[in-house]
Amino acid sequence: MTSAARTLPFTGSDISAEDMLLGQKGVLEHIAKGSPLQETLGAISLFAEKHIPGMKASILYFDPNEQKLRRGGYGQLPSSFADIVDGLVPGPQAGSCGTCAWRRERVISEDVFTDPLWDAFHDLCRAYGIRSAWSSPLLSSADDSLLGVFGMYHPQVRVPTVADLQIVDQFTHLATIATQRHRMDEVLRYRAQHDALTDLLNRRGFMAGVDALINEHLSSNTPLSIVFIDLDAFKAFNDAFGHLEGDQMLRNVCTTMQTTLADLRLLTRFGGDEFLAFLPVTTEVAVQQLHVLRTTLAKGVSIAGQNLPVNFSAGVKAVTADSQDIEALIFKTDQAVLECKSLGGAQTLVVDAERTKRAAARRGLARRIELALDAGKLYPHAQPIVRFADEKVVGYELLFRLNDPLLSSVPAIECITEAERVGLIHRIGKMMFQAGVDFLQQPAIESADAYVAVNVSVSQLLQLDLAESFIDIARKAGVDFRRLCIEVTESAKIDPGSAARSSIQQLKAAGFGLSIDDFGTGYASLAHLQSLPFDVLKIDRQFVSPLDELNATQPQLAALSPNLNVQKVTKSDSMCIALISMAKACDMLVVAEGIETRGQAEMLRKLGCQMGQGYLWARPAPLDTFLP
């Protein structure tokens, strides 16, 4: 834009090709040694001022994230000028530089006091002796995006000639080289610190910003809580809908997190479906805010044309002066998440001294179990399984024990739970199966025609090579596969099409017996009994312990058990009758656990249960106890 004011042609001297080459060399040297952008642009500004007498140069860098012009490089203009124009927002009447960035084309203001583009900046012009301003955009040669603006200010009204603009173009080219390289470096740094899928920070980006954030809150004595979030059942979602839909779910969840919890700091995709962030609030308030997020996600996330609810487990820990080690904070909140998962998920746990103590105890337990296994201290016990008809021992259930004094006070179920949590259960499972095979080879057991039952968890069944390894162990020992019974705990789902179901079917096809353990306490149903090839159903001790004698007649129960006379029927009696009836309907044998009295044994016999085990006959004991 030109004004009607009196103008003078620019009379600057031409710049030689040699001088321009020297200028380019200097810029490239700055870039090669990694000089800060402001230093490089400052050198270009001084170089331009040297060859255009009376001109003062200003190079602003365009921040694509903030959509603002930021401090770049200056020659003679003081830092006070740089402070004023730093953060200038491009617009249709934002001086020559702001308007240049807005239009993405050169803007010539011959007289800033008559050009309406400068109406809001007259005081600035008077303070710094600006009368004429020429601004040229710096545009990327890669994608034509805006990189910045080269501004040239003159103390007199000036109108550039074609030759003048050619010189300006040469300086603009130098500035474009510098800013384009800086933009490329910024993109590389951004990619190195951000997750490609969600555009959140990655671990490197998180660690780059964490110290400054923690120090800021500690120095200002304001609350700060670290939050670890892990989506529940994400693997099941991926299995059902595929990884592409799983990726979209993660993106949608991230968007919900950002809109629901606006105060989240350093929100990071820590790995898979795990997220890490800070909230500038107390742990109590953080729990409340996470509840809001949980409620929002429970309303559903749009995936594959459906609105599906999402839930998560979370751990929260306060950041304090004596608890600011980031690795420790991450570890403790991650442990809280694992505890949430073990409790069924869909909740938030706050890390406190007691929970930290329990987590440390669990870690110590896991390590002790591993050391005991390494030292060969596996010490399996067995409990006889008795046939009610003649009270003959027809089988033995192997039970996990460790011959370690430091673990003697820890219940076996706690050891198993911890082993499953840390992944030791697969090693234990194979060792216990080998022990079962060895026990079955003992002459006293082999001649008694008894079977051996070995417990296997669903997590073990998920191992694709489990059936193959069991078959290999039994085949090498030369034992009859039919005398080995695999007891599957029904405390977890065995979904159709899952690896667990496939393992069960492979074991059955090989000839092993199959038993479903603790039926009635977990997820299994009549559908499982119908669809899976189990041979034995085991009734959990919690249904056996309260059994009473029945002493009168009730027609519907008599129909189930013709030899039973009943009058008073308890809830436990009814449950046992129902479980036994389901087993009979599926052509399965029934074993009752936890039998302690003769009355319980007689009641179960009358109800149609074929076998039992419990303290009435024998407590679990080392294997050699049952050998001559």
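The values are calculated or read from the model by the stated rules, or taken from the named source; none is laboratory data. The model shown is predicted, which means the values in this text are computed figures rather than measured ones. Cβ placement follows ideal geometry from the backbone for every residue including glycine, while neighbour counts extend to all protein chains displayed.
Taking Arg183 as meeting all but one of (1) of a type outside the set (A, V, I, L, M); (2) loosely packed, with under 14 Cβ neighbours inside 10 Å; (3) not assigned by TED's automatic domain parsing to the domain that holds Leu343, write down the number of the exception.
Against the list (1) of a type outside the set (A, V, I, L, M); (2) loosely packed, with under 14 Cβ neighbours inside 10 Å; (3) not assigned by TED's automatic domain parsing to the domain that holds Leu343, Arg183 comes up short only on (2).
Going through region 360-407 one residue at a time, which ones are charged (D, E, K, R) and over 42 Å from the mean Cα position of the chain (by Cα)? Working first, answer last.
The first filter runs over region 360-407 and keeps only residues charged (D, E, K, R), leaving 362-363, 367-368, 370, 374, 377, 387, 390-392, 397, 401, 404.
Matches in region 360-407: Arg387, Asp390, Glu391, Lys392.
Considering His154, His122, which residue is free of Cβ contacts under 8 Å to residues at least 12 places away in the same chain and over 43 Å from the mean Cα position of the chain (by Cα)?
Values: His154 fails: free of Cβ contacts under 8 Å to residues at least 12 places away in the same chain.
That would be His122, the only listed residue that is free of Cβ contacts under 8 Å to residues at least 12 places away in the same chain and over 43 Å from the mean Cα position of the chain (by Cα).
Give me a count of the residues in region 67-97 that are touching a residue at least 12 places away in the same chain (Cβ under 8 Å), part of a loop (DSSP other than H, G, I, E, B) and within 45 Å of the chain's Cα centre (by Cα).
Residues flagged as touching a residue at least 12 places away in the same chain (Cβ under 8 Å), part of a loop (DSSP other than H, G, I, E, B) and within 45 Å of the chain's Cα centre (by Cα) within region 67-97 amount to 5.
Restricting to region 205-217, name every residue that is of a type in the set (D, E, K, R) and either at pLDDT 95 or above or loosely packed, with under 13 Cβ neighbours inside 10 Å (or both).
Let us first name the residues in region 205-217 that are of a type in the set (D, E, K, R), namely 211, 216.
Result: Asp211, single match.
Find all pairs meeting these conditions: Cβ atoms under 8 angstrom apart; at least six residues apart or on different chains; first residue within region 400-416 and of a type in the set (Gly, Ala, Ser); second residue buried (at least 16 other Cβ atoms within 10 Å of the Cβ) and modelled with pLDDT of 85 or more.
Note: pairs meeting the criteria are Ala412/Leu399; Ala412/Phe400; Ala412/Arg401.
Out of the residues in region 324-352 meeting the condition of being farther than 20 Å from Arg203 by Cα and free of Cβ contacts under 8 Å to residues at least 12 places away in the same chain, tell me which one is surrounded by the fewest Cβ atoms within 10 Å (Cβ to Cβ).
Of the residues in region 324-352, the ones farther than 20 Å from Arg203 by Cα are 339-352.
If we keep only those that are free of Cβ contacts under 8 Å to residues at least 12 places away in the same chain too, we end up with 343-344, 352.
Details: Leu343: 11, Gly344: 9, Asp352: 13.
Checked region 324-352; the qualifying residue surrounded by the fewest Cβ atoms within 10 Å (Cβ to Cβ) is Gly344.
Among what's in region 430-448 and is of a type outside the set (A, V, I, L, M, F, W, C) and touching a residue at least 12 places away in the same chain (Cβ under 8 Å), pick the residue that is surrounded by the fewest Cβ atoms within 10 Å (Cβ to Cβ). Don't jump to the end; show me each part of the working.
First pass over region 430-448, keeping only residues of a type outside the set (A, V, I, L, M, F, W, C): 430, 434, 436, 438, 441-443, 446-447.
Keeping just the survivors that are touching a residue at least 12 places away in the same chain (Cβ under 8 Å) gives 430, 434, 436, 438, 441-442.
Numbers: Lys430: 16, Gln434: 18, Gly436: 30, Asp438: 16, Gln441: 13, Gln442: 16.
So, considering only residues that are of a type outside the set (A, V, I, L, M, F, W, C) and touching a residue at least 12 places away in the same chain (Cβ under 8 Å), the one surrounded by the fewest Cβ atoms within 10 Å (Cβ to Cβ) is Gln441.
When Asp247 is evaluated against the numbered criteria (1) in a helix (DSSP H, G or I); (2) over 17 Å from the mean Cα position of the chain (by Cα); (3) not basic (Lys, Arg), which criterion, by number, is the only one it fails?
Only one criterion is unmet by Asp247, namely (2).
Regarding Val210, is this residue closer than 30 Å to Ala500 by Cα, in contact with a strand residue (DSSP E or B) (Cβ under 7 Å, 6 or more places away or on another chain) and part of a helix (DSSP H, G or I)?
Numbers: closer than 30 Å to Ala500 by Cα: no; in contact with a strand residue (DSSP E or B) (Cβ under 7 Å, 6 or more places away or on another chain): yes; part of a helix (DSSP H, G or I): yes.
Against the criterion (closer than 30 Å to Ala500 by Cα, in contact with a strand residue (DSSP E or B) (Cβ under 7 Å, 6 or more places away or on another chain) and part of a helix (DSSP H, G or I)), Val210 does not qualify.
From the list Cys125, Cys100, exactly one residue is part of a helix (DSSP H, G or I) and under 16 Å from Lys56 (Cβ atoms). Which is it? Lay out the reasoning, then the answer.
Working: Cys100 fails: under 16 Å from Lys56 (Cβ atoms).
Result: Cys125 is the single residue among Cys125, Cys100 that is part of a helix (DSSP H, G or I) and under 16 Å from Lys56 (Cβ atoms).
Out of the residues in region 457-488 meeting the condition of being surrounded by 14 or more Cβ atoms within 10 Å (Cβ to Cβ) and under 28 Å from the mean Cα position of the chain (by Cα), tell me which one is modelled with the highest pLDDT.
Leu466
How many of the residues in region 130-160 are more than 18 Å from Val112 (Cα to Cα) and either assigned to a loop (DSSP other than H, G, I, E, B) or among the hydrophobic types (A, V, I, L, M, F, W, C) (or both)? Explain how you work it out, then say what you get.
Taking region 130-160 as the starting set, the residues that turn out to be more than 18 Å from Val112 (Cα to Cα) are 137-148.
Then drop every residue that is not either assigned to a loop (DSSP other than H, G, I, E, B) or among the hydrophobic types (A, V, I, L, M, F, W, C) (or both), which leaves 138-147.
Number of matching residues: 10.
Just the residues that are modelled with pLDDT of 95 or more and more than 25 Å from Asp449 (Cβ to Cβ), please, taken from region 370-410.
Within region 370-410, no residue meets the criteria.
Given the conditions (1) under 43 Å from the mean Cα position of the chain (by Cα); (2) acidic (Asp, Glu); (3) at pLDDT below 90, and given that Glu593 satisfies all but one, which numbered condition is not satisfied?
(3)
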